[in-house]
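What follows is calculated from the coordinates using simple rules that are stated; it is not laboratory data. All of these numbers come straight from a predicted model, not from anything done at the bench. Cβ coordinates were reconstructed from backbone atoms using ideal geometry, including for glycine residues, and neighbour counts include every protein chain displayed.
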Amino acid sequence: MTHSVNTGTHVHSSRRDIGFIVLFTVIAGVLAARLELSELIFAWTRPWEHLELDELVTLLLVLCASLAWFALRRYREARSELTLRTAAEARLEGLLLDNRRLAQRCVQVQETERKALARELHDEFGQYLNAIKLDAVAIQQTPSKHDATISRAASSIIRHTDHLHRVVRERVRNLRPVGLDELGLEAALEQYVSDWQARLPGMQLSARFDGDLDTLGEPLSLVLYRIVQEGITNVSRHADAGRVDISVRRARARAPGAREEVVLTLVDDGAGSDLRKAGRGLGLAGMRERVEMLGGRWQVTSAPGAGFGIRARIPVGDIT
């Protein structure tokens, strides 16, 4: 859209310049007629008639006509190039929009599959694990001639079942945000931050939420949750940080016609990194793609020894 406006501005400017040229030509003709410019030039060149200076006007007219023809040719070529450029930019804009919609659709399909898999793990696998544990507890509590052996076997089954339960809960949490569908984004993020705080007691996690975050819609809510998820995971693995500050704010539109947006920031005080060096990992690239897929802007700030920060600004509303 911006390129089209610029192209239209160039065309309008060219037409305005042509108008000025015509106006100045008319003014010059009127002044020449009133001042009898031809007679003055003839009188001035008469002493040097042997140099044929009286033919200078004719030469100048031919030169002006040639320059006008050249300018007209260049103007038509420029108009043609601008038309082709406008059409190419329109096609490129359409392709970018189609690519963004395709990326959004891929993410939606991925999240749908994750949701279905999480439900199956919870409803099927989890229920059967629970049944196995109950059977083991019943065996453990049943008197028998081989009480010690049976009790040890039952206790082993219970331990293994509890371990599988923890693994399944962790997998379900990674596949689908806990409480996002039932409680909303803010409660899901609070629970996620609280879980990580329990795992990392030596790190201080601070989360602040502002505005109505529970009516953003599933695509935007999932993107925000995944950014926080990936950000905290990266901090726990690489940052060696003592503090992480998370902020999710729904900002109202400041100008008429502007869209609301959600601003997410995640900053740590860890080791940081040199952004000029390649190899920042696929996690950041995935987060950037998710943000840009929804028409948002992505920014990363860091320096060696100065911590690491990410900032995402995403307009409220899905791509149609």
FRET efficiency (Arg16, Leu92; Cβ distance; R0 35 Å; to 0.05) is 0.80
Determine the sum of side-chain charges near Val22: Lys and Arg each +1, Asp and Glu each -1, restricted to other residues whose C-beta is under 15 angstrom from that of Val22. +1
For Ala306 and Arg166, what does the FRET efficiency come to when R0 = 30 Å and r is the distance between their Cβ atoms, rounded to the nearest 0.05? 0.20
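Would you list Arg288, Arg74 from fewest to most Cβ contacts within 10 Å? Before the final figure, lay out the partial values.
On the way: Arg288 18, Arg74 10.
With the sparsest Cβ surroundings first, the list reads Arg74, Arg288.
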Which of rounded, prolate or oblate describes segment 184-315 when judged by the alpha-carbon gyration tensor and an a/c cut-off of 1.5? oblate
Taking neighbour counts of Cβ atoms within 10 Å as a proxy for exposure, in what order, fewest first, do Ile21, Ile314, Ile150, Ile246 appear? Ile21, Ile150, Ile246, Ile314
